1. For Cα pairs less than 8 Å apart in space and 6+ apart in sequence, what is the mean separation divided by the residue count of segment 125-270, i.e. the relative contact order in percent?
2. Any idea what the dipole of the chain comes to, in debye rounded to 20, about its Cα centre with Lys/Arg Cβ at +1 and Asp/Glu Cβ at -1?
3. Using only the alpha-carbon atoms, how far is helix 159-170 inclined from the longest principal axis of the chain? Give it as 0 to 90 degrees, nearest 10.
4. At 222 nm, what helix-only mean residue ellipticity would the chain give, in deg cm²/dmol to the nearest 500, using -39500 (n - 2.57) for each DSSP H run of four or more?
5. Just to be sure I understand: of the beta bridges DSSP finds with both ends in the chain, what percent are antiparallel, rounded to 5?
6. Counting other beta carbons within 10 Å of each Cβ, put Tyr156, Tyr161 in order, fewest first.
7. Most mobile of Thr264, Thr210, Thr122 per a Gaussian network model of the chain (Cα springs, under 10 Å)?
8. Where does each of Ile96, Ile45 land when they are ranked from fewest to most other beta-carbon atoms within 10 angstrom?
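Computed from the coordinates by the stated procedures, all read-outs in this text should not be read as laboratory data. The shown structure was predicted, so the numbers you read here are calculated from the model rather than taken from an experiment. Cβ coordinates were reconstructed from backbone atoms using ideal geometry, including for glycine residues, and neighbour counts include every protein chain displayed.
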Amino acid sequence: MWNKNLVRTSCWGTLLALMVIPMVSMAEPAVADATAKEELARARICTAKAGNNYHQFGLKLKERLKGLVDVEVLATLGSWENLELIDDNPRRCDAIIAQEDAYTLYRFEKTKSDLTMDRTATLFHEYAHLVCGRGVKANSLAELDPESTEIVVNKYGSGSYITWRLFRRLNPEHKKYKILEKNVDEAMLRILDMGRPACFFYVSGIGGNTLGEANSVFGDQLKLISVHDPKQERPVGSEKRQIYRSAQLPAARYPKLAPKGVKTHSVSAVFFTSPEWKARHPKASQKLSSALLSLIKEGR
């Protein structure tokens, strides 16, 4: 005879086992996924306005680190704001891209700041351009008449504004020029207006959108003149680094604006990282370095 109690117990045991096993197997992947997400380090990278070279580089870096580091690319006003954001306590960026001269000028002017950053990589070089109306007879900055010619500089915080300020610090002779602060479009309109001779001081990569358009569309009205000045090349700051180096704006890139090429200075765009972030996320820091190196090699 069958033992009904035994059968009933056996059935309940089997049913409980069937119910428990799937629940365990379903829970395990969810736990694993949560752990994987927790282990992915987050990095906030401050760049510049959307569309700017710095912002575009940040997006490339984010794509290269997809699945390895949780990168957030923050659009900002540029180098100066980036320095202020990473100098905040607590820091609002884990890494920034900034012109090297911006960091140098920041250290000069923010004497009470305890800003510490690790210089991680030189990404690419940018160049000082001085675009003038063809009514300007000078062929170099040194030849410009400060009484009759205005110099238009992009607004406060921009890379161009920063470079001009450090230029004036390295060579006080530049303080004699009358400066107008305007955004890029307003600056272009100003130098195209022949009411008064004017030049636009602008820092960018060679052949960027603004200068490329100036060459192709307004090349019959504008010209590039030299800003080369040996005093800009002396080492500065506590680290005694040379910030600006002699360079050439090639005629091939600006055939209308500078058919013979123009001497100028280059300045580095640098990737800086918070040392605290690197210490908290050593593995992510290694992945970041590898991604930076691969992007720099591709850009050569």
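1. Computed value for segment 125-270: 34 percent relative contact order.
2. Value, rounded to 20: 440 debye.
3. With both axes taken from Cα atoms, the answer is about 50 degrees.
4. -13000 deg cm²/dmol
5. Percent antiparallel among DSSP bridges in the chain is about 65.
6. Ascending Cβ contact count within 10 Å gives the list Tyr156, Tyr161.
7. Thr210
8. With the fewest neighbours first, Ile96, Ile45 line up as Ile45, Ile96.
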